[in-house]
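Presented below is the structure to which this report refers.
The values are calculated or read from the model by the stated rules, or taken from the named source; none is laboratory data. If you're wondering where the values come from, they're calculated on a predicted model, not measured in any experiment. Backbone-built Cβ (ideal geometry, glycine too); neighbour counts: all protein chains shown.
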Amino acid sequence: MPFSFEVPFGEVERNLDAYVDDIFSCLQSEFLTLPKGPGFVEYAVFERGYEELKRATGNFRNLSPEPVIATVYQVPIALIVLRSMLGFTPPEWAYVTSQRTDVQVSQGAIRAIDRKVRIAPDTPLRTNGGVTGERIRALVTTACQILTDGAPEEPEEVLHRLNKADTKSGLRSLQPLADLGVPYAMLLYERFLGRPFAGHRDSVSELVGDVLEMAIEGALHRHGISYRKTKRAEHVAGFDQAPDFIIPDEFNPQIVIEAKVSEDDGTARDKVTRVQHLGSLAMAGQPADQPKFEVVACIAGRGFRVRREDMKKLLLATRGKVFTLANLPQLIDCTRLAEFRTRVQIAAESPATPFRLRLVKPRSEDRYVTCVPVVPLKVAAGAFSDPRHVDDDEWEWVAVDTKRRLRPGMFVAQVVGRSMEPAIPDGAFCLFGAPAEGTRQGKTVLVQLRNATDSETGERYTVKRYESEKGRDGESWRHTKIILKPVNPDFESIVLTGEEGQLQVIAELLEVLGGGL
């Protein structure tokens, strides 16, 4: 039986139940697996922090703040161990600390400290004092007091968060468990109350959703399709709730894509309603068979398998264009996205005719008309930081087969590494444009790093997807966080906090031309 997106919409309307069954059979739930994501702490690292904390406190017989603070600075993962002993989330620890001390620790501040430690758990913290130093001291002091005192008396019908095996009676509870270990039944009971991996699940909740979005982005990149990826809660003219992807852009929306993951039916129903609203916008004032733009839904998770009526609504709202991870490879060919394809997939190239750069010796009038320079990425990261001062005679030139209009500042470079696969295959030659024009949000860019390196290559330049978060600074806005995201989920993002001066965006990826190792 063909999928709903492979047949005329009238066929879908006549056989809704059959196509619901078809989608249900393709839906996969990933609740048994979680991406580790950036900042995942392996057990061996956690155990090292535990042992250092145990040594500094005399096997947890003296929780004086000073030796614990010294340990945290030398072995930062000890701070995560300390929080785990409390059983608090970072914001809960910040709240209690602000109540008990004269130091205000905001949720943003403790999340930044917590993340910094998880990203580099073995890198000693700088002991130069300042506001962060005051906050760390206050957090540790509060934790030592709480763990020493234990849980207060509460009415029988109330369960105090510290009324657990290791903290109920303060150090008198902690010491024997540290010496002898925890009975398995007690471990199971606390797991029953707290759910296994709950903290990690919360920390990677956005990353789980990113898996589907990255698969869509990979397909769009491979086919050279221009798109606009929106941010959460972003306002886009013409949409009261911005869709996840707009093709080709928000000024001329022809296709919108909603990428939704749900592991419970309540959330799935809300997401179906959102897609229905987009379907209504597409048909407002239009003939029955001529929507203003095509609505496409890409879904994953067991939540969508619960309510048949919701799936029927989703099929009707999208006119049958509902995709799952199982059939996402057909996304381009079975929607209007095929109209916006600017190149064929690299995978379709014949092994007998591998991609080759065609070197040319252009006349001056042909430069940036039919050809562009080919430049090693490492060199481009420096040379094209100011494309106005690039000496065209330094480089070899290659003919470029593209529908784009070439311009000065464009160049071809080979991208080596797997972090951007499948969007950019390892070894692929790509067309870049410098400088990166307009908003960088959601674009794939070549970046020169000031004080960091790409963990895959060890270099201070990298090609990644650019995302940023901003906050108010008086009357203006400033960057609070910049995230350089890989497409391949096996690799970690590069996260920079603070000013944008930590990096320089050199160029924007315009097109993957071909090739690969």
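Anything in the range 104-130 that is at pLDDT 85 or above and under 16 Å from Ile69 (Cα atoms)? List them, or say none. Full working, then the answer.
Initially, the range 104-130 is screened for residues at pLDDT 85 or above, giving 104-125.
Those that are at pLDDT 85 or above and under 16 Å from Ile69 (Cα atoms): Ile110, Ile113, Asp114, Val117, Pro121, Asp122, Thr123, Pro124, Leu125.
Restricting to the range 401-416, name every residue that is of a type outside the set (S, T, N, Q), in contact (Cβ under 8 Å) with a residue 40 or more places away in the chain and either buried (at least 21 other Cβ atoms within 10 Å of the Cβ) or within 17 Å of Ile225 (Cα to Cα) (or both).
Restricting attention to the range 401-416, the residues satisfying the condition of being of a type outside the set (S, T, N, Q) are 401, 403-413, 415-416.
From what is left, the residues that are in contact (Cβ under 8 Å) with a residue 40 or more places away in the chain are 401, 403-404, 408-412, 415-416.
Within the range 401-416, Asp401, Lys403, Arg404, Met410, Phe411, Val412, Val415 meet the criteria.
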Problem set entry | Tabulated pairs, the range 447-458, first assigned by TED's automatic domain parsing to the domain that holds Lys378 and among the small types (Gly, Ala, Ser), second surrounded by 13 or more Cβ atoms within 10 Å (Cβ to Cβ) and not in a strand (DSSP E or B), C-beta under 7 angstrom, 6+ apart or interchain | Ser455/Glu492
For this session: Please work out which residue is nearest to Glu263 (Cα to Cα), limiting yourself to the range 298-332 and to residues that are in contact with an Asp or Glu (Cβ under 9 Å, 6 or more places away or on another chain) and polar (S, T, N, Q).
Result: Thr318
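Any chance you could count how many residues in the range 111-135 are under 27 Å from the mean Cα position of the chain (by Cα) and of a type outside the set (A, V, I, L, M)? If you could, list the steps in order and put the result at the bottom.
Just the residues of the range 111-135 that are under 27 Å from the mean Cα position of the chain (by Cα), to begin with: 111-125, 132.
Subsequent filtering for residues that are of a type outside the set (A, V, I, L, M) retains 111, 114-116, 118, 121-124, 132.
Counting residues in the range 111-135 that are under 27 Å from the mean Cα position of the chain (by Cα) and of a type outside the set (A, V, I, L, M) gives 10.
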For this session: Kindly check whether there is at least one residue in the range 159-172 that is within 16 Å of Arg83 (Cα to Cα), of a type in the set (Asp, Glu), at pLDDT 85 or above and not in a helix (DSSP H, G or I).
Result: yes
Exercise. Can you name the condition, by its number, that Gly301 falls short on among (1) more than 21 Å from Asp17 (Cα to Cα); (2) within 24 Å of the chain's Cα centre (by Cα); (3) at pLDDT below 95?
Worked result: (1)
For this session: Working only within the range 243-278, note down all residues that are surrounded by 21 or more Cβ atoms within 10 Å (Cβ to Cβ) and among the small types (Gly, Ala, Ser).
Result: Ala259, Ser262, Ala268
Exercise. Which pairs have Cβ atoms under 6 Å, sit 6 or more apart or on different chains, and link a residue in the range 120-135 that is assigned by TED's automatic domain parsing to the domain that holds Ser493 to one that is surrounded by 15 or more Cβ atoms within 10 Å (Cβ to Cβ) and assigned to a loop (DSSP other than H, G, I, E, B)?
Worked result: none
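Just to be sure, is Phe323 of a type outside the set (S, T, N, Q), touching a residue at least 24 places away in the same chain (Cβ under 8 Å) and in a strand (DSSP E or B)?
So Phe323 passes the test.
Report yes if some residue within the range 51-71 is within 25 Å of the chain's Cα centre (by Cα) and outside any helix (DSSP H, G or I); otherwise report no. Talk me through it step by step, then tell me what you get.
Kept after step one, since they are within 25 Å of the chain's Cα centre (by Cα), are these residues of the range 51-71: none.
Looking through the range 51-71, none of the residues is within 25 Å of the chain's Cα centre (by Cα) and outside any helix (DSSP H, G or I).
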Exercise. Does Arg305 satisfy the condition of being closer than 20 Å to Ala233 by Cα and either touching a strand residue (DSSP E or B) at 6+ places or on another chain (Cβ under 9 Å) or assigned by TED's automatic domain parsing to the domain that holds Thr230 (or both)?
Worked result: no
Exercise. Of all the residues that make up the range 99-110, how many are more than 19 Å from Ala151 (Cα to Cα) and either within 30 Å of the chain's Cα centre (by Cα) or assigned to a helix (DSSP H, G or I) (or both)?
Worked result: 7
Problem set entry | Selected residue (criterion: farthest from the chain's Cα centre (by Cα)) from residues of the range 358-382 that are β-branched (Val, Ile, Thr) and farther than 9 Å from Ala399 by Cα | Val369
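Out of all the residues in the range 394-413, which are of a type outside the set (Val, Ile, Thr) and assigned to a loop (DSSP other than H, G, I, E, B)? Don't jump to the end; show me each part of the working.
Quick first cut of the range 394-413, residues of a type outside the set (Val, Ile, Thr) only: 394-397, 399, 401, 403-411, 413.
Correct list: Trp395, Asp401, Lys403, Arg404, Arg405, Leu406, Arg407, Pro408, Gly409.
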